[in-house]
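Student: Here's a structure for you.
The values are calculated or read from the model by the stated rules, or taken from the named source; none is laboratory data. Please read these numbers as outputs of a predicted model, since none were measured by experiment. When we count neighbours, we look across all protein chains shown, and the Cβ atoms used for this are built from the backbone with ideal geometry, even at glycine.
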Amino acid sequence: MMNQVYRVFKKSKFDFTANLLIIIFCAASLFPLYWLFTGSFKYSQDIIRIPPDWIPSRVTLDNYINIFAKHPALRWIGNSLFVSGITTLGVILVSAATGYAVSKIRFRGKKLIFTLVIACLVMPKEIYLLPLYQQMVSYRWIGSMLGFIIPDIASPFGVYLMTNYYDTIPDEIYESASIDGSGHFRFFTDFALPLSKPGIAALGILTFIRTWNSYLWQFVMKTNENTYTLPVGIASLFDNPDIVDYGLKFAGASITAIPLLLIFMLFQKFFVSGITSGSVKG
């Protein structure tokens, strides 16, 4: 009896400690967002007040009004939506087709190609940034939307994710479909794509978030303020020493973060399902 009581007490003590650590971790992770969002509704002098104003004593919408009135923020948002949307669509199409070919079609050099995909997956973009930029110059794509979009459509992660996902589809399904006269293209459109919807959803969410947050490449490719995407435009506010309005900067950063939080909250189920399904091979 005493042993049972001791085990229950030990388990409850462990659960309490684990829950406490989770709460501390979540609080530490969410506090910067809280400070960002509350700061966007504060006056600039309240943000830098010592001791800090943890709960806004004065609330204002002037920061959000000024960022749209004094800067082409709507243009930046439109650029980001266009670049992120088209890039996401392109990554899904290219990765789905390439992943299916690597997974289900037999051809010479397939293992080598997949090995190169993995190698590109671990290679940071900064390594090939200069030759890629020179290539964009030769195409005269500097400052154009093509220059923002085309280099990001080739996604090693997307090919890797979709290849693993198609590997979970039993080969017997394709063999049965081929007996009925279905070739690879018909099997891909009629069977593989519908079965891989969770993986496509996860890839789409990840690609949109990555592109929306992208800064380095879009900063390199910009030519003027009208070609800024939202992260580049907001970063220009922080880099400008003439702008000391911290509330304005906090509002700009909040505008960048809010769509990502909404997307993840709305599509969290599809994201988790796609990632977990694609990570387990049958």
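Student: Quick test of your reading of the structure: ARG108 fulfils all but one of (1) in a helix (DSSP H, G or I); (2) at pLDDT below 90. Name the failing condition by number.
Tutor: Every listed condition holds for ARG108 apart from (1).
Student: Considering only the range 75-99, state which residues are among the polar types (S, T, N, Q) and under 9 Å from ILE153 (Cα atoms). Before you say what the answer is, go through the steps one by one.
Tutor: Of all residues in the range 75-99, those among the polar types (S, T, N, Q) come to 79-80, 84, 87-88, 95, 98.
Scanning the range 75-99 gives THR87, THR88, SER95.
Student: Would you call GLY158 touching a helix residue (DSSP H, G or I) at 6+ places or on another chain (Cβ under 8 Å), modelled with pLDDT of 90 or more and not charged (D, E, K, R)? Break it down into steps so the answer makes sense when it comes.
Tutor: Numbers: touching a helix residue (DSSP H, G or I) at 6+ places or on another chain (Cβ under 8 Å): yes; modelled with pLDDT of 90 or more: yes; not charged (D, E, K, R): yes.
It is true that GLY158 is touching a helix residue (DSSP H, G or I) at 6+ places or on another chain (Cβ under 8 Å), modelled with pLDDT of 90 or more and not charged (D, E, K, R).
Student: Return yes when THR229 is touching a residue at least 24 places away in the same chain (Cβ under 8 Å), of a type in the set (Ser, Thr, Tyr), surrounded by 20 or more Cβ atoms within 10 Å (Cβ to Cβ) and under 30 Å from ARG49 (Cα atoms) and no when it is not. Reasoning before the result, please.
Tutor: Working: touching a residue at least 24 places away in the same chain (Cβ under 8 Å): yes; of a type in the set (Ser, Thr, Tyr): yes; surrounded by 20 or more Cβ atoms within 10 Å (Cβ to Cβ): yes; under 30 Å from ARG49 (Cα atoms): no.
It is false that THR229 is touching a residue at least 24 places away in the same chain (Cβ under 8 Å), of a type in the set (Ser, Thr, Tyr), surrounded by 20 or more Cβ atoms within 10 Å (Cβ to Cβ) and under 30 Å from ARG49 (Cα atoms).
Student: Could you please tell me which pairs satisfy a Cβ distance under 9 Å, a separation of 6+ or placement on different chains, a first residue in the range 143-167 that is on the phi > 0 side of the Ramachandran plot, and a second residue that is surrounded by fewer than 17 Cβ atoms within 10 Å (Cβ to Cβ) and assigned to a loop (DSSP other than H, G, I, E, B)?
Tutor: Filtered contacts from the range 143-167: GLY143/THR223; GLY143/ASN224.
Residues checked against (1) in contact (Cβ under 8 Å) with a residue 40 or more places away in the chain; (2) surrounded by 15 or more Cβ atoms within 10 Å (Cβ to Cβ):
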{"site": "PRO52", "(1), (2)": "no, no"}
{"site": "ASP62", "(1), (2)": "yes, yes"}
{"site": "ILE67", "(1), (2)": "yes, yes"}
{"site": "VAL117", "(1), (2)": "yes, yes"}
{"site": "VAL122", "(1), (2)": "no, no"}
{"site": "GLU126", "(1), (2)": "yes, no"}
{"site": "GLN134", "(1), (2)": "no, no"}
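Student: Out of the residues in the range 170-185 that are among the acidic types (Asp, Glu) and either assigned to a helix (DSSP H, G or I) or within 18 Å of ALA96 (Cα to Cα) (or both), state the one that is nearest to the chain's Cα centre (by Cα). Outline the logic, then answer.
Tutor: To start, the set of residues in the range 170-185 that are among the acidic types (Asp, Glu) comprises 171-172, 175, 180.
From what's left, either assigned to a helix (DSSP H, G or I) or within 18 Å of ALA96 (Cα to Cα) (or both): 171-172, 175.
On the way: ASP171: 32, GLU172: 34, GLU175: 36 Å.
By that ranking, first place goes to ASP171.
Student: So, one more: State whether the residues of the range 97-106 include one that is over 30 Å from SER182 (Cα atoms), touching a residue at least 12 places away in the same chain (Cβ under 8 Å), crowded, with 19+ Cβ neighbours inside 10 Å and polar (S, T, N, Q).
Tutor: Checked against the condition, which is being over 30 Å from SER182 (Cα atoms), touching a residue at least 12 places away in the same chain (Cβ under 8 Å), crowded, with 19+ Cβ neighbours inside 10 Å and polar (S, T, N, Q), the range 97-106 yields no hits at all.
Student: Considering only residues of the range 240-276 that are of a type in the set (D, E, K, R) and in a helix (DSSP H, G or I), which is modelled with the lowest pLDDT?
Tutor: First, the residues of the range 240-276 that are of a type in the set (D, E, K, R): 242, 245, 249, 269.
Next cut, in a helix (DSSP H, G or I) only: 249, 269.
On the way: LYS249: 85, LYS269: 71.
Once the filter is applied, the top-ranked residue is LYS269.
Student: Right, something else. How many of the residues making up the range 139-169 are outside any helix (DSSP H, G or I) and among the hydroxyl-bearing types (Ser, Thr, Tyr)? Talk me through it step by step, then tell me what you get.
Tutor: At the first step, the residues of the range 139-169 found to be outside any helix (DSSP H, G or I) are 140-144, 154-155, 168-169.
Now drop any that are not among the hydroxyl-bearing types (Ser, Thr, Tyr), which leaves 144, 155, 168.
So the answer is 3.
Student: Against the definition (among the β-branched types (Val, Ile, Thr), at negative phi, at pLDDT below 80 and surrounded by fewer than 20 Cβ atoms within 10 Å (Cβ to Cβ)), how does ILE179 come out, yes or no?
Tutor: Working: among the β-branched types (Val, Ile, Thr): yes; at negative phi: yes; at pLDDT below 80: yes; surrounded by fewer than 20 Cβ atoms within 10 Å (Cβ to Cβ): yes.
Yes; evaluated as a whole, the condition is true for this residue.
Student: When you scan the range 137-164, how many residues do you find that are touching a Ser or Thr at 6+ places or on another chain (Cβ under 9 Å) and more than 18 Å from VAL94 (Cβ to Cβ)?
Tutor: Residues meeting the conditions: 3.
Student: Another question about this same structure. What single numbered condition from (1) at pLDDT below 85; (2) assigned to a helix (DSSP H, G or I); (3) over 21 Å from the mean Cα position of the chain (by Cα) fails to hold for ILE118?
Tutor: Result: ILE118 passes all but (3).
Student: A further question follows. Does the range 186-198 include one or more residues that are in a helix (DSSP H, G or I), within 24 Å of LEU130 (Cα to Cα) and either of a type outside the set (Ser, Thr, Tyr) or at pLDDT 85 or above (or both)?
Tutor: Restricting attention to the range 186-198, the residues satisfying the condition of being in a helix (DSSP H, G or I) are 186-195, 197-198.
From what is left, the residues that are within 24 Å of LEU130 (Cα to Cα) are none.
No.
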